[in-house]
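Chemist: Mind looking over this structure? Questions follow.
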Amino acid sequence: MAEPLLLDTNVYTFLTDSRKRRPEWGPVAEGRILVLSFVTVGEVLHGALSGGWSNRNLAAMESRLRAYPVIPGTFGLARKFAELRRRFYKQIGDDDLWIAACALAQPEPLPLATDDDHFDRIAAEFPLDLVRP
C-alpha cells in the first residue's frame, strides 16, 4: 500500500507548476499518496488571487487542489500548533508551524517533503520526519 507524504507548499509548487518545476522531486513523490495541509491550499489560492488570476484559471486551480487529500484544522492540530509556536515563536513563520503541526498531529505522524531548512530545527526537537531528494 502506498505511503502518505505531506507536501510543503514549495514542494507542491515544484511538482505542479511547470515554471517552477524541480525534477529531482518527482522520485520523492513517486508511488506515494500526496497529502496537502489546509495551509498549503490557502497559500496556493492566495498566490493565485494575488496574481490576479481569472475566475476560470482560479476554478481550474481549485479543481487541481481538490484532487489531493487535505488535512483540515482540528482541535488536536491546534494544540500541536500551540506547542510548536510556543517553542519557535518569531523563529519560524506561523504557516510553516501549521504545516509541521499537520504532520505531527496525525495518529501516525506523516513524513514532510520540504525544501525549507528551518524545518530541521523542528525535527531536532519533535518527531518530524523530513523527506528531501
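The numbers here are math on the coordinates, done by the rules we state, and not lab data. This one's a predicted model, so the numbers in the text were calculated from it and none came from an experiment. Don't worry about glycine lacking a Cβ; one is built from the backbone with ideal geometry, like all the others, and counts go over all protein chains shown.
Chemist: Rank 109, 69, 27 by mean-square fluctuation in a GNM of the chain with C-alpha springs under 10 angstrom and give only the top-ranked residue.
Modeler: Highest fluctuation of the listed residues: 27.
Chemist: What is the gain in length, in nm to one decimal, between residue 64 and residue 45 on full extension, counting 0.36 nm per residue of separation less the C-alpha to C-alpha distance?
Modeler: Once the chain is fully extended between residue 64 and residue 45, it gains 5.7 nm.
Chemist: Using the Cα gyration tensor of the stretch 82-133, with a ≥ b ≥ c the square roots of its eigenvalues, what is the shape: rounded (a/c below 1.5), prolate (a/b larger than b/c) or oblate (neither)?
Modeler: Verdict is oblate for the stretch 82-133.
Chemist: Give the residue list of chymotrypsin sites (Phe, Trp or Tyr not before Pro) in the stretch 73-133 that are DSSP loop and have at most 14 other beta-carbon atoms within 10 angstrom.
Modeler: 89
Chemist: Let me ask another. Highest first, please rank the peptides 31-38, 4-11 by the mean number of other Cβ atoms sitting within 10 Å of their residues.
Modeler: 4-11, 31-38
Chemist: Under the definition of Cα pairs under 8 Å and six or more residues apart, what whole-number percent is the relative contact order of the chain?
Modeler: 30 percent
Chemist: Right, another one. Residue 123 versus residue 30, label points 7 Å from Cα toward the beta carbon: distance in nm?
Modeler: 2.1 nm
Chemist: Provide the gained length on full extension for the span residue 20 to residue 132, in nm with one decimal, where the gain is 0.36 nm per separating residue minus the Cα-Cα distance.
Modeler: 38.7 nm
Chemist: Using every Cα-Cα pair within the chain, state what percent have a distance larger than 24 Å.
Modeler: So the portion of pairs separated by more than 24 Å is 28 percent.
Chemist: Here's a follow-up. Between residue 91 and residue 56, what is 0.36 nm times their sequence separation minus the Cα-Cα distance? Round to one decimal in nm.
Modeler: 8.8 nm
Chemist: A follow-up question, please. Report the residue, chosen from 13, 114, 40, that carries the largest GNM mean-square fluctuation when the chain is represented by alpha-carbon nodes joined by springs under 10 Å.
Modeler: 13
Chemist: Count the DSSP beta bridges whose two residues both fall in the chain, then state the antiparallel fraction as a percent rounded to the nearest 5.
Modeler: Given both bridge residues lie in the chain, the antiparallel proportion sits at roughly 0 percent.
Chemist: How far is helix 94-104 tilted off the main Cα axis of the chain, in degrees rounded to 10, range 0 to 90?
Modeler: 70 degrees
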